[in-house]
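First the structure, then my questions, so here it is.
The values are calculated or read from the model by the stated rules, or taken from the named source; none is laboratory data. Keep in mind the model is a prediction, meaning the values are calculated, not measured. Positions of Cβ are generated from backbone atoms using ideal geometry, with glycine treated the same way; all protein chains shown enter the neighbour counts. All accessible areas refer to the heavy atoms of the entire protein, side chains included, with ligands and DNA or RNA removed. Shrake-Rupley method; radii C 1.70, N 1.55, O 1.52, S 1.80 Å.
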Amino acid sequence: AVCVGGCVAAEFVTRKLLKRPNTIGDLSAVVTGCILALNLPVTLPPYIALIGAAAAIVVVKQLFGGLGQNFVNPAAAARVILLVSFPAQMSRWVEPFYYRTVSLGDAVTTATPLATGDTEYLRLFLGVHGGCIGETCALTLLIGGVYLILRRVISPVIPLCFLGTLAGLTWILGGDGLAAVLSGGALLGAFFMATDYVTSPVTFGGKFVFGIGCGLITVLIRRFGA
């Protein structure tokens with residue numbers, strides 16, 4: 001709610017200040033807000049989420065001309081900006097359902113599966129682990145991704161090439177390919193961010209190469225980027 005409200009408000013105010021026709025009715029700011037929220041830890045203070053919303057809409061989207069003119073995904077760029085600006089708050093993960101066994105404290109911090117090397121598929125699939133809001137439950141992400149494909153909102157080419165490359169290359173390098181797909185933000189990125197209309201290719205060949213490139217870069221960052 002904070003991210004969506006912040007993105008819509010930022011778009012409304014920015015368009016007014018720039019004396020341009022208002023575009024909040026196209027709901028693109030709502031989509032950006034949703035995706036930004038899924039890229040954030042659940043414990044993040046709301047004011048930091050608002051800073052991310054303003055960065056996504058004002059800096060990345062509107063200053064480059066608005067919808068269709070931004071050269072990077074606004075939500076992805078906002079996540080990077082927040083990670084650089086607030087590394088401690090953006091790296092605090094909470095153990096799900098901690099309150100069932102712990103009576104003291106506001107939360108129990110934990111590491112993400114990428115940090116622990118967790119390969120228990122069921123836990124990864126159901127999201128019973130720490131991480132960003134949108135990197136936990138693989139089941140719901142898959143449902144959303146399949147829905148978008150069936151409605152022909154997105155093409156399956158980029159997600160399949162992205163996740164196939166990620167799984168295959170991880171396996172070649174001696175890792176667990178399935179766990180790599182179910183861990184981190186791979187599913188969120190493959191279905192909801194790499195398929196962004198503005199910043200992804202439009203031809204089949206372009207989508208194919210783009211998806212493979214995304215998977216390759218993900219493996220390289222996970223393997224050597226720490």
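Whether any residue in the stretch 94-101 is touching a Gly at 6+ places or on another chain (Cβ under 7 Å), open to solvent by 20 Å² or more (accessible area, probe 1.4 Å) and of a type in the set (D, E, K, R) is what I want to check.
yes
Starting from residues that are out of contact with any Gly (no Cβ under 9 Å at 6 or more places or on another chain) and of a type in the set (Val, Ile, Thr), keep the ones in the stretch 196-218 and report whichever is modelled with the lowest pLDDT.
Thr199
State which residue is farthest from the chain's Cα centre (by Cα) when the search covers only the stretch 157-178 and only residues that are in a loop (DSSP other than H, G, I, E, B) and at negative phi.
My answer is Leu173.
Here is a further query. Taking the condition surrounded by 19 or more Cβ atoms within 10 Å (Cβ to Cβ) and assigned to a loop (DSSP other than H, G, I, E, B), does Thr195 pass?
Values: surrounded by 19 or more Cβ atoms within 10 Å (Cβ to Cβ): yes; assigned to a loop (DSSP other than H, G, I, E, B): yes.
Against the criterion (surrounded by 19 or more Cβ atoms within 10 Å (Cβ to Cβ) and assigned to a loop (DSSP other than H, G, I, E, B)), Thr195 qualifies.
Suppose the filter is touching a residue at least 60 places away in the same chain (Cβ under 8 Å) and open to solvent by less than 50 Å² (accessible area, probe 1.4 Å); does Ala167 pass it?
no
If you don't mind, another one. Can you give me the number of residues within the stretch 94-127 that are in contact with a Ser or Thr (Cβ under 9 Å, 6 or more places away or on another chain) and either among the acidic types (Asp, Glu) or at pLDDT 85 or above (or both)?
The qualifying residues number 6.
Same structure, new question: Of all residues in the stretch 10-37, how many are hydrophobic (A, V, I, L, M, F, W, C) and either crowded, with 19+ Cβ neighbours inside 10 Å or closer than 10 Å to Leu50 by Cα (or both)?
5
Continuing with this model, one more query. Give me the residue from the stretch 179-192 that is part of a loop (DSSP other than H, G, I, E, B) and under 12 Å from the mean Cα position of the chain (by Cα) and, out of that set, nearest to Leu148 (Cα to Cα).
Gly185
So, restricting to helices (runs of 4 or more DSSP H) that lie completely within the stretch 1-81, which ones have at least 1 residues that are in contact with a Phe, Trp or Tyr (Cβ under 8 Å, 6 or more places away or on another chain) and touching a residue at least 40 places away in the same chain (Cβ under 8 Å)?
Hits in the stretch 1-81: 28-38, 46-54.
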